[in-house]
Amino acid sequence: MRFQCTDCGAELTVEQARNPYICSCGGLLDILHDFRAVDSERLKREFDSRLSERMTPYASGVWRYKELIHPLLPEEYIATKYEGNTGLYASSAVAAYAGIRELKLKAQSENPSGSFKDNGMTVAVSHGRYLGYTKFTCTSTGNTSSSLAMYAALSGCSSFVFLPEHGISMNKVLQTLAYGAHLLSFPGTYDDGIRFSESYSEAMGLYVCNSMNPFRIEGQKSIIYEIAHQLRWQLPDWIVVPGGALSNATALGKGLKDLHELGFIDKLPNVAIVQAEGASPFHAMMEAGHNILKPESNPSTRATALNIGNPPSWKKALQYTMKPNRSVTVSVTDTEIMDAKAQVDRGGIGCEPASAASVAGLRKLVRQGVIDKESTAVCILTGHLLKDTDAIHEYHLDTDTKGTFASVFQNSKLEWSKIRQFVEAAR
Ligand SMILES: *Cc1c(COP(=O)(O)O)cnc(C)c1O
Ligand SMILES: [Zn+2]
């Protein structure tokens with residue numbers, strides 16, 4: 001395992017690469033593995049055999065793939081809640097809404113803290129423990145902090161969490177507090193918090209678990225490994241993922257590259273990265289045909305997990321996800337996101353607003369003819385339905401903001417004739 005700077009290409013050893021994983025030139029570090037000695041067929045059988053593990057780290061949907069994520073980490077440092085192991089659901093209702101022949105939804109919402117952040121956080125916290133840290137930190141739009149606080153608590157360590165005071169779902173703030181995090185709410189944006197932790201964390205002895213921590217990306221690669229494993233190494237034509245900080249989009253591209261290089265899959269699927277219109281600097285860059293990202297100083301979207309104007313991992317996403325594949329980007333409005341969420345929710349799967357950007361983006365790309373309606377797709381649902389209960393209230397109950405697919409809610413006395421009407425009126 002080596003580290004390489006995404007900007008200047010400098011190579012560092014494990015000993016040289018240090019918290020918070022910024023190169024002297026200011027670039028982010030990326031982890032490189034040498035898989036040349038790996039016997040893919042043997043490893044594939046090993047992954048299969050681990051599906052029957054119970055109480056060992058290999059029962060985790062992340063650590064099952066340890067050889068491809070963090071091969072050298074001694075097992076005793078692993079902090080796991082058997083994360084991953086999430087459902088991949090076929091949904092004909094959501095497929096019909098998106099206008100595509102076949103759609104499966106990967107419910108990363110089913111992770112222990114309720115979002116895909118657990119896939120990466122288990123690796124970052126485990127590595128931090130290995131390095132001897134007992135204090136962990138992150139800046140977050142909410143889910144990273146919930147996840148960090150959970151793993152820190154599980155390990156008997158402490159967490160220090162920096163949250164922008166506006167635009168964060170209260171459910172996530174409360175979840176983070178409940179796990180015992182020391183919480184600092186600050187005036188400013190996610191991007192301000194990231195800059196702060198880059199500069200000062202190491203001086204305070206805090207191990208930085210933002211997505212600039214490359215172990216997060218390594219762990220998040222397990223999402224695509226697990227999808228491929230669940231589909232017996234036959235991936236669909238398209239994988240669709242929401243993009244905020246672009247760590248997940250990066251991990252998706254990088255994980256696909258691993259699977260392809262190891263011969264686990266024989267062709268690379270196309271990837272679609274979906275941003276919210278109010279926070280879409282990456283999509284704007286791709287659309288303009290530029291290769292330098294212009295940050296948005298006032299990002300604004302109801303999908304709070306996507307409210308990022310200066311995505312730290314944009315260069316990695318460009319390198320790993322846009323370049324090797326016939327990948328595309330798209331942006332969707334908050335209304336499109338909330339309508340797609342209502343469809344995913346009433347499909348019995350459920351997700352938070354940011355996650356539904358994937359379904360909204362797929363629908364838009366099918367309508368634009370970019371994605372063929374006869375193709376197959378997997379949308380990644382990143383966070384749990386209960387992560388933003390205000391959004392549910394606004395969509396289904398508030399008269400001012402009620403959405404197109406709002407569910408039926410009626411308040412009345414238990415009178416037979418009224419209730420009969422209520423039932424008969426239902427479709
Ligand atoms: C973090 C997050 C995202 C965005 O992922 P990035 O890696 O920041 O692009 C999307 N949805 C949810 C629910 C998230 O928590
Ligand atoms: Zn560098």
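What translational diffusion coefficient, in µm²/s and rounded to a whole number, does the Stokes-Einstein relation yield for the stretch 66-112 at 20 °C and a viscosity of 1.002 mPa s, taking the hydrodynamic radius as the Kirkwood radius over Cα pairs? Display every interim value, and only then the final one.
Details: Rh = 13.4 Å.
Estimated via Stokes-Einstein, D reaches 160 µm²/s.
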Any residue on another chain or 5+ positions along whose placed amide H is under 5 Å from the amide H of Leu163 is listed here as Leu184, Ser185, Phe186
Which of Arg42, Arg302 comes first, and how do the rest follow, when ranked by fewest Cβ neighbours within 10 Å? Arg42, Arg302
In nm, what is the difference between 0.36 nm times the number of residues separating Leu154 and Glu415 and their Cα-Cα distance? 88.9 nm
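Which links in Lys172/Lys254; Lys104/Lys135; Lys135/Lys316; Lys44/Lys387 stretch past 31 Å when you go from one Cα to the other? Walk me through the intermediate numbers first.
Working: Lys172/Lys254 28 Å; Lys104/Lys135 39 Å; Lys135/Lys316 27 Å; Lys44/Lys387 35 Å.
Those over the limit are Lys104/Lys135; Lys44/Lys387.
Provide the convex hull volume over Cα atoms per residue for the stretch 1-115, in Å³. Don't skip to the end; give the middle numbers.
Numbers: hull volume 22.0 nm³, N = 115.
So the per-residue Cα hull volume is 191 Å³.
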Tell me, what ³J(HN,Hα) does each residue in the stretch 413-427 have, in order and in whole Hz, if you take phi through Karplus 6.51 cos²θ - 1.76 cosθ + 1.60 with θ = phi - 60° and put x for Gly and Pro? 5, 7, 9, 3, 5, 5, 5, 4, 4, 4, 6, 5, 6, 6, 9
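Any idea what the alpha-carbon Rg over 2.2 N^0.38 Å comes to for the stretch 228-357?
On the way: Rg = 15.0 Å, N = 130, 2.2 N^0.38 = 14.0 Å.
Relative to the rule-of-thumb radius for its length, the stretch 228-357 sits at 1.07.
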Using alpha-carbon positions, the gyration tensor of the stretch 223-297 gives root eigenvalues a ≥ b ≥ c; with a/c under 1.5 called rounded, otherwise prolate if a/b exceeds b/c, else oblate, the class is prolate
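Considering every pair of different Cα atoms, what Kirkwood radius, in Å, is found for the chain? Could you put the intermediate results ahead of the total?
Working: mean 1/r = 0.0459 Å⁻¹.
Evaluated over the chain, this radius sits at 21.8 Å.
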Ignoring everything except DSSP H segments at least 4 long, calculate the 222 nm mean residue ellipticity for the chain; use -39,500 (n - 2.57) per segment, divide by total residues, nearest 500. -11000 deg cm²/dmol
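So what is the relative contact order for the chain, in percent, with contacts set as C-alpha pairs under 8 Å and at least six apart?
Values: 866 pairs, mean separation 71.7, N = 427.
17 percent.
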Specify the angular offset, from 0 to 90 degrees and rounded to the nearest 10, of the alpha carbon long axis of helix 143-154 from the longest principal axis of the alpha carbons in the chain. 60
Net charge, Ala181 excluded, C-beta distance under 12 Å - Lys, Arg +1, Asp, Glu -1: +2
Report relative contact order for the stretch 346-418 in percent, whole number only (criteria: Cα-Cα under 8 Å, sequence separation at least 6). 29
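Quick note: the coordinates plus some simple rules give every number you see, no bench work behind them. Source: prediction; values computed, not measured. Don't worry about glycine lacking a Cβ; one is built from the backbone with ideal geometry, like all the others, and counts go over all protein chains shown.
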